Amino acid sequence: MSLLKTTESKILACIQNDLWARFVTLPNQDRIWTLTLTNKALRKPAEPAHKTPLVMVHGFGGGVGLWIRNMDALSRLRPVYAFDLLGFGRSSRPSFPSDAAKAEEQFVDSIEQWRQSVGLENMILLGHSLGGYLATSYAIQYPSRVSHLILVDPWGFPEQPETQTQEGQGQGTEVVKRPPLPRWVKAIAAVVSLFNPLAVIRAAGPWGPGLVNRFRPDFKRKFEDLFEDDTMTQYIYHCNAQTPSGEVGFRAMSESLGWAKRPMLQRVHQLPPSMPLTMLYGAQSWVGSSSGDKVAQIRDQAYTKVLLIDGASHHVYADQPEEFNSVVENVCNSVN
């Protein structure tokens, strides 16, 4: 954990705006590692106060450091909060139940308790991958707290492989064009049925960082203008070399890596029609955007926008940061 702290400090040193990093303690004494960013230039206390904060929720195996290309830009006009999900990064690593609904509930409860502890009345809620799934679940349960829901390549929406194939044939475009699953996804999928998804990294011991570099060379490339060395792959490694906790919760919610036991497409109609929803997909991602089109059909009476970002894979925010930041800022400005 001390190595994770050191690596993360190196990443956060890139931030130009005012940064407050601390643990937020929940009523059950679990701690959520939290960053708050505000614009140095907006010194007038009245200025950002009326702006709805943006809250960013990372994906599986990630942490707050992955938003390094986005936090400064997005905190120009409003406060930005980013936190490590319960069981991931530097947050507490409690045990999770093996029941899918109960594991999901534990994640969502921790987000609501975090919101109360931080004192946010409402927020623009953005979630990537697993964070998108949990953000949707949160928005269904606490709709009055979410001014706009932004989902970035969200995990866990499609119902089952064969259904998606039929949709793909019906629409005839996106699913057919979708690139094959990357090698690292297949590798994790192969072990997920036997172990926790990232057990291989921990089992590798001192060879773990090299394993991350080998399976995820893209992480180094995505951030190479910020760090010439292995800072980002080291960060990913140290995030996941800890006691598995969030992984256990994720495994409880998954059939296998690509599919959720409780697919969000079955529940997305529970989002209130008054809640605007924006879904961002990487055009080259292994997560198909056909689920986004399905959500738009389900919410045909509600504001639902599905956008594809060219030149981006699953980590849209790191692959095309300028375009990502611009889209998210426009969404935020539409709120206030």
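The values are calculated or read from the model by the stated rules, or taken from the named source; none is laboratory data. Since the model is a prediction, treat every value here as computed from it, not as a measurement. Here Cβ is always computed from backbone atoms with ideal geometry, including for glycine, and neighbour counts include all displayed protein chains. Heads up: the accessible areas ignore ligands, DNA and RNA and are worked out on the full protein's heavy atoms, side chains in. Shrake-Rupley method; radii C 1.70, N 1.55, O 1.52, S 1.80 Å.
Just check region 245-336 against the gyration tensor rule for me: Cα atoms, a ≥ b ≥ c as the square roots of the eigenvalues, rounded for a/c under 1.5, and otherwise prolate or oblate depending on whether a/b exceeds b/c. Oblate, because a/c is 1.5 or more while a/b does not exceed b/c. For region 235-252, the residues whose amide N sits under 20 Å from a probe point set 7 Å from the Cα of residue 99 along the beta carbon direction are 246-252. Using θ = phi - 60° in the Karplus curve 6.51 cos²θ - 1.76 cosθ + 1.60, the 3J(HN,Hα) couplings for region 228-238 round to 7, 9, 8, 3, 6, 6, 4, 4, 4, 4, 5 Hz; x is entered for Gly and Pro. For region 118-135, 3J(HN,Hα) computed residue by residue from phi via the Karplus equation (6.51, -1.76, 1.60; θ = phi - 60°) reads 6, x, 8, 6, 8, 7, 8, 9, 10, x, 10, 6, 4, x, x, 4, 5, 5 Hz, glycine and proline entered as x. Here the alpha carbons of region 83-128 define both size measures, Rg and Dmax, at 11.5, 32 Å.
As a calculated quantity, the FRET efficiency between residue 225 and residue 335 at R0 = 41 Å, using C-beta atoms, amounts to about 0.85. The candidates 269, 128, arranged from most to least accessible area with a 1.4 Å probe in the full protein assembly, appear as 269, 128.
A simple spin-label model places the labels of residue 118 and residue 307 2.1 nm from each other, with each point 7 Å out along Cα-to-Cβ.
For residue 51, a cut-off of 20 angstrom between C-alpha atoms picks up these lysines, skipping any fewer than 8 places away in its own chain: 40.
Taking GluC sites (Glu not before Pro) across region 83-137, the ones in a DSSP loop with at most 15 further Cβ atoms lying within 10 angstrom of their Cβ are 121. May I ask you to list the residues of region 303-324 whose amide nitrogen lies under 13 Å from a point 7 Å from Cα along the Cα→beta-carbon direction of residue 267? Answer for this model: none.
The tail of the calculated P(r) for region 2-91, taken as Cα-Cα distances beyond 15 Å, holds 59 percent of the pairs.
Within a straight-line Cα-Cα reach of under 17 Å, residue 294 can be paired with the following aspartates and glutamates, leaving aside sequence neighbours fewer than 8 residues apart in one chain: 153, 159, 162, 167, 174. Taking a spot 7 Å from the Cα of residue 25 along the direction of its beta carbon, which residues of region 96-119 have an amide N less than 20 Å from it? The answer is 110-119, whose backbone nitrogens lie closer than 20 Å to the label point. The H on the amide N of residue 60, modeled in the peptide plane, is under 5 Å from the matching H of 130, 131, each at least 5 residues off or on a different chain. Using Cβ point charges alone (K and R +1, D and E -1), the dipole size of region 239-316 about the Cα centre works out to roughly 240 debye.
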